[in-house]
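What follows is one structure encoded as structure tokens, with my remarks underneath.
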Amino acid sequence: MISDLMKLVDKFVGGFKKRLYGKTFFCPVCHLELSYYDVDVNGNLVCPLCGVVIELHETYGHSIPIVNDVEINRAQPKKRLHPLATHFPIGLFPLAFLGALIITIASAYIKASGTNSLECGFCRDISPVLDNITWIFLFIAVLSSGFTFLTGFLDWKQRYGGRPYRVITLKLVLSGLFIGIGIVILILHPVVFTAGVIPFENPVMIPVTFVYFVLMGSAMFMLATLGHVGGYLVFGK
């Protein structure tokens, strides 16, 4: 199951890369995938992962990356908060998604069986607590994603010299989208979940719940993509 999920994430990431990266090549040292747009006017590029200076040479219509130097004066900040900050949204948002899914399944069961929510022990005692925990996880995940974005931006400026790498652009764009979608989810959550259940007796709640989970699923894939790309940027391939 995990391998299938990773293949789905790879396919999802590949779609973003193809649109944003354009033509790509791999660093000869660390094998990080880089875009031709990352190369400066002189045909040179500093690999953001291993720090080697790559020069692209055209040979018979093919570009060959050649290592001709190493950036030895790269900034090495002692306190890199960005890798630590990424664990909060990546760790808490999936738990919030799971909590919302459990409540939704319970609400659908109540609606299908015709059970009164006041007579359901789970809905009366457990579901409201689970709803509160879910919202708290959502709030912390979205709030911490803002801090993650800020620390990542500062890390890019300090450690990577603010160079316009497409991999950094991808991370910045997806992080901004995740924050925006996360804010919308926070606003929708108390509308969808009332006292720990979804009032499906109101027909309007069905499309609203659908939109809520579409946004949740989109945010999950964005987090997976960010973790996927960020892992390559830190550890290589």
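Every number in this text was worked out from the coordinates using simple rules, so none of it is lab data. Note that the structure is a prediction, hence the values are computed from the model and not measured. Neighbour counts are summed over all protein chains in view; Cβ atoms, including those assigned to glycine, are modelled from backbone coordinates with ideal geometry.
Given an 8 Å cut-off on Cα distances and at least 6 residues of separation, report the relative contact order of the stretch 81-235 as a percent.
33
Can you compute the FRET efficiency between N44 and N73 using 1/(1 + (r/R0)^6), with r the Cβ-Cβ distance and R0 = 22 Å? Round to the nearest 0.05.
E(calc), rounded to 0.05, equals 0.90.
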